[in-house]
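Below: one structure, written as structure tokens.
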Amino acid sequence: GIRLIGHDPFKTIIDPQNRGHAVTAANDCRISGFTFTGTGMDYDNRRMNAGIYVPGCDSTLVITGNIFKENGLFGIWVDGEIDSEKNILFETAHPWNTADYGDRPYTAYANPVIAGNTFYRIGQRAIFLLHGRSEVFNNVFIGNVKNIGMERHSRPFIHHNVSYLNNITMAINRSEPIVANNIMYHNQWGQRLLKGSNPVIFGNVTWESPHFRDFDEYGRPVTYRPIPGTGELEVDPLFMNPAKG
């Protein structure tokens, strides 16, 4: 039941100096009006920190109107509820990195609302979804390594976001998102699909983002069909002034 509201996101700054997550969220909360910075990899404690960590929260958690700036790993890290007992057996059955190819046991999705935020120069994934079903919309992504990363059968609804000058707009790894009506301009990659992904992608503008590649379960590149899905139009979207938004 907490409403955590900053007076001005440009002046109200939460910086934990990488001693932990800036904020750990909970259900029935709203987090709005802050700049989150100063998180990354804590090598001394072998811990990954995020601007906002979301452990198994539902859609009563709303994250809106914030700036996530220069976090080393994640702006928002969304994590579903894992089955602890079954996960011990899963780890035993999957030595080395073979767990990446298996279906890790979860008991519930996490599905917070992530809307109207700005993500700037995040070092790994601006939004990282592990078994997440978030609605992600009206956000702006600029200069990040990866805007949205999805793993472990995440099923978010990603719509009406703007991505500009990023490396990868979204990395879909064994997940089933709906991606609709986004503008993705001047990024290195459009959508990057890996390891058994099954997205629904329609109504987006992807322009001057030269790299598209699909990979099979073993990481080998697979060429797209000549006309993916129901077809694509290659036509200049006639942006007025992308540099000024």
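For the residues Glu70, Glu81, Glu234, a GNM of the chain with alpha-carbon springs under 10 Å puts the largest fluctuation on Glu234. Restricting the calculation to Cα atoms, every distinct pair contributes to the Kirkwood radius of the chain, found to be 18.5 Å.
Ordering Asp44, Asp28 by accessible surface, largest first, gives Asp44, Asp28; the 1.4 Å probe counts only protein heavy atoms, with every chain in place. Taking amide H positions as modeled 1.01 Å from N, with prolines and chain starts lacking one, the residues under 5 Å from Thr118 and 5 or more places away or on another chain are Asn66, Ile67, Phe68, Val140. Our summary gives the chain a relative contact order of 11 percent, counting only alpha carbon pairs under 8 angstrom and 6 or more residues apart. Rounded to the nearest 500, the 222 nm mean residue ellipticity of the chain from helices alone is -1000 deg cm²/dmol, with -39,500 (n - 2.57) taken per DSSP H run of at least 4 residues. The phi torsions of the range 78-85, fed into the Karplus equation with coefficients 6.51, -1.76 and 1.60 and a -60° offset, translate into couplings of 9, 10, x, 7, 8, 7, 4, 5 Hz, rounded to whole numbers, with Gly and Pro shown as x. Under a 10 Å cutoff between Cα atoms, tell me which one of Arg220, Arg152, Arg192 has the largest fluctuation in the Gaussian network model of the chain. The residue that fluctuates most here is Arg220. Across the accessible surface of the chain, with the other protein chains kept in place and a 1.4 Å probe, carbon and sulfur atoms take up 53 percent. Think of the range 68-170 as a dipole: +1 on every Lys or Arg Cβ, -1 on every Asp or Glu Cβ, centred on the Cα centre; then among Asn111, His94, Asn144, Asn144 lies furthest on the positive end. Normalised radius of gyration (Cα atoms, divided by 2.2 N^0.38 Å) for the range 1-74: 1.07.
On a per residue basis, the range 16-167 carries 44 Å² of accessible surface, using protein heavy atoms and a 1.4 Å probe.
With the largest listed first and rounded to whole Å, the semi-axes of the equivalent ellipsoid of the range 115-189 from the Cα gyration tensor are 18, 13, 11.
Couplings for the range 41-48, taken from phi via the Karplus curve 6.51 cos²θ - 1.76 cosθ + 1.60 with θ = phi - 60°, read 9, 8, 5, 4, 9, 6, 10, 9 Hz in order; Gly and Pro are left as x.
What the phi angles of the range 177-188 give under the Karplus curve with 6.51, -1.76 and 1.60, with θ = phi - 60°, is a coupling list of x, 10, 10, 9, 6, 9, 10, 10, 10, 6, 9, 5 Hz, glycine and proline written as x.
The values are calculated or read from the model by the stated rules, or taken from the named source; none is laboratory data. Nothing here was measured: the structure is a model prediction, and the numbers come from that model. Virtual Cβ from ideal backbone geometry, glycine too; neighbours counted across all protein chains shown. Protein only, heavy atoms only, side chains kept; ligands, DNA and RNA dropped before computing areas. Shrake-Rupley method; radii C 1.70, N 1.55, O 1.52, S 1.80 Å.
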